[in-house]
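The values are calculated or read from the model by the stated rules, or taken from the named source; none is laboratory data. Everything quoted here is computed from the prediction, not taken from an experiment. Cβ coordinates were reconstructed from backbone atoms using ideal geometry, including for glycine residues, and neighbour counts include every protein chain displayed.
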Amino acid sequence: MPKMVLLPKLTMALGGYIRETVMPYSEDEAKPFPYRNVIVGNPTDEPIKIDVPAYDEDWIERHRKLGLIVVPVTENDDFVGLFKMVEEKVKRGGK
């Protein structure tokens, strides 16, 4: 799987790195990704490699286990507000 490096103290939106469709897969092989965007913040002092694109809901938990702040965004969420919230958490070191 391709990787991208998320630099220390950086917040990023992965809207362009999400697999939105399941074509050409059948329903048994893949489910659509349920979020419009995912905001990822790295509160650590080390760069962290992340998998891109995001394919499934397990992606979120796998990357939280790496120490990242991961916030899925739905169509009804306030994207800018959530992005600023993650930026603040990153500045405070994840707290």
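From the set of residues in the stretch 28-44 that are at pLDDT 90 or above and among the hydrophobic types (A, V, I, L, M, F, W, C), which is surrounded by the most Cβ atoms within 10 Å (Cβ to Cβ)? The extreme case among them is 40.
Within the stretch 52-70, not a single residue is without any contact (Cβ under 8 Å) to a residue 24 or more places away in the chain, under 13 Å from residue 12 (Cα atoms) and among the hydrophobic types (A, V, I, L, M, F, W, C).
Given the conditions (1) over 11 Å from the mean Cα position of the chain (by Cα); (2) at pLDDT 80 or above; (3) of a type in the set (Phe, Trp, Tyr), report the number of the one that residue 25 does not fulfil. Failed condition: (2). Please find, within the stretch 45-64, the residue that is modelled with the lowest pLDDT out of those that are of a type in the set (Val, Ile, Thr) and either under 12 Å from the mean Cα position of the chain (by Cα) or in a loop (DSSP other than H, G, I, E, B) (or both). Among those that are of a type in the set (Val, Ile, Thr) and either under 12 Å from the mean Cα position of the chain (by Cα) or in a loop (DSSP other than H, G, I, E, B) (or both), it is 52. Taken over the stretch 71-95, the criterion of being small (Gly, Ala, Ser) and modelled with pLDDT of 95 or more is satisfied by 81 alone.
Scanning the stretch 65-95 for residues that are over 18 Å from residue 7 (Cβ atoms) and either part of a helix (DSSP H, G or I) or aromatic (Phe, Trp, Tyr) (or both) yields 79, 80, 81, 82, 84, 85.
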